[in-house]
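Working notes, structure below.
The values are calculated or read from the model by the stated rules, or taken from the named source; none is laboratory data. On a predicted model such as this, the values are computed, not experimentally measured, just so you know. Counting neighbours? That spans all protein chains shown, and the Cβs are built from the backbone with ideal geometry, glycine included. What goes into the accessible areas is simple: the full protein's heavy atoms, side chains included, and nothing from ligands, DNA or RNA. Shrake-Rupley method; radii C 1.70, N 1.55, O 1.52, S 1.80 Å.
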Amino acid sequence: MIAFWIAIIALLALVSLTLALPLLQTSSHHTISRSDLNKALYRQRVLEIGEEREQGILAEEGESLVELQRSLLDDIPDVEQTARAGRSLLWIPGVLVLVVVSLGLYAKLGAWQEVQHWQSVSARLPELSNRILIERDSEVTEQDLQEFMLGLRTRLAEEPGDYRGWLLLGRLALDGNDPDTALSALERAYKMAPDKHLVTVPYAQALMMSGDEAKADTLLQQAIASDPQDLEARSTYAFMALQKEDFETAIARWQAMLPLMEKGSNREVMIQRSIEYAQQQLAKRAPSATRAQDEAAPAVKPGEFPLHITLAPGIQMPKDPYLFVFAVVPNGSPMPIAVKRIQDPRLPLTLSLGDGDAMIEGSKLGANPELQFKARLSEGGNVMNREGAFEGLSTPVSTATIPTVPIDIRIDRAL
């Protein structure tokens, strides 16, 4: 605050100097011009006295010259005094008005109260941190949380390399339903964090709130693949499907979480209720269509890789549609090692791909360290027909263990 007032005083001094200099210069010019004028008048009058003497009009030249000189001397002090008064006093009222008006406008319209509040909050940051993060004070108000976030942002502006601070700010912004702040903070935390897994779930939540569902989906799939026991990532992944009203996918993801939970725990009860809710929504939506689709859908067979295929918004189902599902080696040959063809698919669709679908009889999908799965939607049964065809690709999956949660493939790009 001291630096702020020093800057204000310096600006006022600069503006005052700018205002005073022209006035001082004007007074000075006025004094010089008046003196020159008196001298010119004096010389002119001397010449006139000489002419009058020659013409015989003037009898006493000496007395006239003495009287003229006396008049000149009487006039000089008045002019200099007026000039000095102008130079010394004329700019003072202007500067006073400038200072008073400037300070008055700032007091009325300025943000000095906000600045004082901001400084007060910054000074209270240790106290607020202790109440909110350590003591978990039940009397903490929404105002306290807002002030804590303001103080935290101030500290992060001074120490931008603290990824834990950005992570904390992002989580608080998520709780406060502030997607812009959450995404900005968590994106920085994700880039700086030595262990990306610590930031993946809240970062994915921020991406979902901001509408970037594709990137959030990829992050969550990677988190689950690296740590299948991560219930927070799995829960967010299921909620993501629920938010899109893809109830079948949400149910599959919640069911995959149940074996990882303690029987009878509060979390298991909550997941069971979520599954029941999604099942009720499916029954309300279209009971007959749901039953027909369930009967027609290929089953997920034990020992095969479960896949869940969805269609991205904006992509229309072609006429006479066929769905081709491939297993390929990441960064390897484009030739598929396993394939399945489905006529007139109903998307979203859950199925599985295994050794029985191998292109070469007797070959094993598990013989490859990693696999990637493709889904292609095209018109007609010819897989080479690329006109009007769309495709989606999963993330690379390790074959060491078959995942319990279906691998997501979103058909989202034209061929």
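A few points about this structure:
- Rg/Rh for the range 136-256 (Cα atoms only, Rh after Kirkwood) is 1.01.
- Residue ranges 317-326, 353-362 sort as 317-326, 353-362 when ordered by packing (mean number of other C-beta atoms within 10 Å per residue, highest first).
- Surface share of carbon and sulfur [accessible, 1.4 angstrom probe, percent] for the range 359-415: 53 percent
- Apportionment of accessible area to carbon and sulfur, the range 146-249, percent (1.4 Å): 49 percent
- Peptides 402-415, 262-275 ordered by average Cβ neighbours within 10 Å, highest first: 402-415, 262-275
- Ordered from longest to shortest, the equivalent ellipsoid semi-axes for the range 372-415 are 25, 10, 8 Å, each the square root of 5 times a Cα gyration tensor eigenvalue.
- Cβ crowding within 10 Å averaged over residues, with 206-219, 383-396 ranked highest first: 206-219, 383-396
- Panel values: the range 301-415, Kirkwood radius from alpha carbon pairs, Stokes-Einstein at 20 °C and 1.002 mPa s, translational diffusion coefficient 150 µm²/s.
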